[in-house]
1. In region 56-72, which residues are surrounded by 16 or more Cβ atoms within 10 Å (Cβ to Cβ) and in a strand (DSSP E or B)?
2. Given the conditions (1) assigned to a loop (DSSP other than H, G, I, E, B); (2) over 30 Å from residue 56 (Cβ atoms), and given that residue 123 satisfies all but one, which numbered condition is not satisfied?
3. From 156, 142, 75, grab the single residue that is surrounded by 12 or more Cβ atoms within 10 Å (Cβ to Cβ) and over 30 Å from residue 30 (Cα atoms).
4. If I ask for residues that are in a loop (DSSP other than H, G, I, E, B) and within 30 Å of residue 24 (Cβ to Cβ), which ones from region 84-116 would you list?
5. If I ask for residues that are modelled with pLDDT of 85 or more and assigned to a loop (DSSP other than H, G, I, E, B), which ones from region 25-45 would you list?
6. If I ask for residues that are loosely packed, with under 10 Cβ neighbours inside 10 Å and touching a strand residue (DSSP E or B) at 6+ places or on another chain (Cβ under 8 Å), which ones from region 40-55 would you list?
7. Quick check on my filter: what residues within region 78-92 are touching a strand residue (DSSP E or B) at 6+ places or on another chain (Cβ under 8 Å), more than 23 Å from residue 139 (Cα to Cα) and surrounded by 11 or more Cβ atoms within 10 Å (Cβ to Cβ)?
């Protein structure tokens, strides 16, 4: 009876112990590709935008642009790019009309393989260009009426900016 009880407990307990170690994920980037990004009031001026794919375990997760920034040995941040199908539902084109747009920032965990968007206070993906230092980000933003510039400094994980300073009126 006792050997059977030991064998039965080993059958039920050992798979739980062996399965407790997390599976490491592989986060990698694809090759650079140049796409057209249409800007201007009528979105008729094409600019070149260099993007690349973000892969987690050889599966496409997101499209990114720019170089990634190491926050810690576990976390990286990278700028997101996404594509929109610009065709109307009534149009009978079988080929989608993709338009590329710049997005916000992604926080990528190398251990879990999770890519989650970062909510930065008052960050405008179209106008803002950011600079990173550790887990701090500095960027400029326009006021709602488009007349004033503000310098912003924010920290990952905080809802409000650390610094929000008016840097003058926007030059035309």
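The values are calculated or read from the model by the stated rules, or taken from the named source; none is laboratory data. Nothing here was measured: the structure is a model prediction, and the numbers come from that model. Methodologically, a virtual Cβ is constructed for each residue, glycine included, from the backbone with ideal geometry; neighbour enumeration extends over all protein chains shown.
1. Here is the first cut: in region 56-72, the ones surrounded by 16 or more Cβ atoms within 10 Å (Cβ to Cβ) are 56, 61-66, 68-69, 71.
Correct list: 56, 61, 62, 63, 64, 65, 66, 68, 69.
2. Failed condition: (2).
3. Values: 156 fails: over 30 Å from residue 30 (Cα atoms); 75 fails: over 30 Å from residue 30 (Cα atoms).
Going through 156, 142, 75 in turn, the sole match is 142.
4. Residues of region 84-116 that are in a loop (DSSP other than H, G, I, E, B), as a first pass: 86-97, 110-114.
If the condition is that a residue be in a loop (DSSP other than H, G, I, E, B) and within 30 Å of residue 24 (Cβ to Cβ), then 110, 111, 112, 113, 114 are the ones that fit.
5. Scanning region 25-45 gives 25, 26, 30, 31, 32.
6. Looking only at region 40-55, we keep the residues that are loosely packed, with under 10 Cβ neighbours inside 10 Å, and these are 40-42, 44, 48.
The answer is 44, 48.
7. The first filter runs over region 78-92 and keeps only residues touching a strand residue (DSSP E or B) at 6+ places or on another chain (Cβ under 8 Å), leaving 78-86.
If we keep only those that are more than 23 Å from residue 139 (Cα to Cα) as well, we get 83-86.
Answer for region 78-92, where residues must be touching a strand residue (DSSP E or B) at 6+ places or on another chain (Cβ under 8 Å), more than 23 Å from residue 139 (Cα to Cα) and surrounded by 11 or more Cβ atoms within 10 Å (Cβ to Cβ): 83, 84, 86.
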